[in-house]
Structures are given as C-alpha cells and as structure tokens.
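First up is the structure itself, then whatever we jot down about it.
The values are calculated or read from the model by the stated rules, or taken from the named source; none is laboratory data. Every value quoted in this text rests on a predicted model; they were computed, and no experiment measured them. We place every Cβ from the backbone using ideal geometry, glycine too, and count neighbours over all the protein chains shown. Each accessible area value is taken on the protein alone, full model and side chains, heavy atoms only, with ligands, DNA and RNA left out. Shrake-Rupley method; radii C 1.70, N 1.55, O 1.52, S 1.80 Å.
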Amino acid sequence: SHLVTSPLIPPQETLMGKYGEDTKLIYELQDQGGELLALRYDLTVPFARYLAMNKVNNMKRYHVAKVYRRDNPATTRGRYREFYQCDFDIAGQFNPMIPDAECLKIVHEILSDLQLGDFVIKVNDRRILNGVFAVCGVPESKFITACSTVDKLDKVPWEEVRSEMVGEKGLSPEAADRIGEYVQLHGGLDLIERLLQDPKLSQNKLAKEGLGDMKLLFEYLTLFGITGKISFDLSLARGLDYYTGVIFEAVLLQQENEHVEELVGVGSVAGGGRYDGLVGMFDPKGRKVPCVGVSIGIERIFSILEQRLKASGEKLRTTETQVLVATPQKHLLAARLKLISELWDAGIKAEMLYKKDPKLLKQLQYCEDTGIPLAAIVGEQELADGVVKLRDVSTREEVRM
C-alpha cells in the first residue's frame, strides 16, 4: 500500500503524459540526490499504479488523502495548492454502465446528504466528444486540445470558446461552427435518442458506442431515481487525458439568497469518469483493468459550508468533549486529575483546564465557548460528601450525584 500512500513519485515515468494540458500544474521537486520527483496530482494515477504493481484485477475502494497542484490558489473559492480529495473507484471487468451508474448514485447521495443546496451532475462520454470532433472535421491530432477548449464552456460564452478554437488551436471556422451546434446541447434520454438518429453522428462508430452506453446509463439512473439532477451535457469535456468513456462533473447551482453571493465561484465539487487504459500504462505486460471512479473535492465543500455558517451566524461545535471537570476553589488540582482519569477510563470524553487554580467562571466560560454541554464540579464540600455536582451548561441546572 506504500504505492498508494506515498505522495512522492518520479514524474517522468509516472505522472507525465497522463493529464494533458494540466501537466503544467504538477508540483515537481528535486531531492538531495538530484533525483526528479513530483507530488501526486490526484489519487487516480497512484491507484492505477497500485493495481498494476500488485496485479489486482478487481477492487472497490475509497481513499481520502492530500493531493498537490502547482496552481494559483484562490482560497475564497476553495482552490489550494495542497488539498484533500475523497476518491471512490470501482475496478474490474463488469457489464457496461452498472458500476458507472453506482458512482453517479454515490455523488448524488453525498451532495444530497450534505445539504449543499441545488446541484446538477453533468454527464458526457469521451467517445461522443471524439465522434463530434471527427464528424465536424477536426483532425485527430487536435482532439485533446479541442477538448480542453470545449471544457471552458461552463465559464465563458460560446463566442470566446469559438475564437480560441480558431485563433489559438488552429481549427477552421467551419469546423468550429459545426462543433458549436453540438456542444451547446444538453438534456436527457430524449436528447440521446435524437443524437442516435443524427445522420452524421450515427455514422461514427465511437459516437454510436458512446451514445448506446449513455442510453443504458440513463436507464439505470432512472431505476436509481436520480435523473432529476442529471444532465447529459455535450460541452462537458474534463481536461484530463486518461478518460476513455463516461465523464461526469457535479456543479453547485447558484443560491438565490443575497447573503451568499460569495458562493457563485465555487463551481465543480466532484468529478470523475471511466479510465480503462490507465492501469495498462503501468503494467509491464500492458494488462488492462477497466476502472471508473469519482473524486469529491472535500476542501471545496468545506469552504462552502464555512461561508454558509458565517452568513447564518450559527456557531459550530468543534469539539466532541462531553464534560469539563471543574473545581470552584484553590488547591483542588488533585481532585480534578483523579476524576478526569476515572471518566477517561470509562470512555467518557472529558477535558479540564491545564491550570492549577482556574476560576470557576473561567471554566464555565470555556464550556460556553467550545460548546461542551456538561461541567462536573468537585469542590471541598462535594469531596467531603463524596459527590460530584453535574451542571448543565446551557440551562444552568445542577444535580448532585
């Protein structure tokens, strides 16, 4: 498992050539011996490498860990150079679209349970995109760069995307216009059916395969009861090179509330897709293991939840401590230490202030500030009577026990 947990791996073999235009965001460094290393960019490539090195043919797992990007941070939008991701992956040879549907179900469940507000999960397929590029007259050598341009459609209008295609990526204006007719479409099963009938697309083998699978996927998602939040969106491209089939991205929709204007910029909170070729890149014999997975941006979600809390003025309880052991007079440190030890041994989460003689008010104030619900108070009287006074911090009721 060292392969999965160690973030340091030589970039030339392992990381380069897996991320397309994002390669420039890989965090490279040199160790003392002059060896070139890189910090992992995601959890997917290390996972694929782990499967290859350990000859694993099927596995279903989740992994929460840090990844690193040599990016310009924008902390208000939850964009960092070092951040946590939670990945869920299903590896193995299965019937089409069953694991893919389950990954989408998981994203739906997570975003619903976290109550982050309204969201949409956009779904597309790399094969459909490549088919679109092919029938629109884009040479195959330009598919990947065209992809990364199309991927900007959620941030900038079509006009800008079109001019980047023609001006920077060297596509013909006619090809760009034809692409535009497709990539601005989004919908559900009806759109899939319509494209399956499309005279140009239905002639393309890749697009036809992709659309067939997409139809199957939507049938399963209907059975899972989640199609209400899912949009088949032809502009979704996801910049990474290693995707081979279905790709998806979950986007939070803008709040109507005027307090939360900050939230608009957060955008994508989860993304993933199918990467059937990645394990083979690491396998000495080129043995393939099909994989599909999803990555949840924990830090992104945290920044939203934090902004929510701030806006609502609610206080968040940051400790699980159940009881504070307190004393009202001086020279009672020993009584506190004995009592807290008993509570700890009984599996009760207890704290005390690390001062010999703290004032009672100070101790109760600490409970208020941190949200500790109970204070166990032992004074001279209590010691003499062999009791403890238990105080409910919020109601101020006290019981002797």
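Tabulated values for the structure
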item	result
Residue 318 vs. criteria loosely packed, with under 11 Cβ neighbours inside 10 Å and in contact (Cβ under 8 Å) with a residue 24 or more places away in the chain	yes
Count of the stretch 326-362 residues which are charged (D, E, K, R) and in contact with a helix residue (DSSP H, G or I) (Cβ under 7 Å, 6 or more places away or on another chain)	1
Some residue of the stretch 74-82 being under 16 Å from residue 246 (Cα atoms), in the same structural domain as residue 187 (by the TED database) and among the hydrophobic types (A, V, I, L, M, F, W, C)	no
Candidate set: the stretch 345-365, residues that are of a type in the set (A, V, I, L, M, F, W, C) and exposed (fewer than 12 other Cβ atoms within 10 Å of the Cβ); chosen: the one nearest to residue 389 (Cα to Cα)	361
Residue that is aliphatic (A, V, I, L, M), over 27 Å from residue 295 (Cα atoms) and either in a helix (DSSP H, G or I) or open to solvent by less than 20 Å² (accessible area, probe 1.4 Å) (or both), where the choices are 171, 104, 129, 153	171
Qualifying residue in the stretch 84-99 (condition: assigned to a helix (DSSP H, G or I), more than 15 Å from the chain's Cα centre (by Cα) and touching a residue at least 60 places away in the same chain (Cβ under 8 Å))	yes
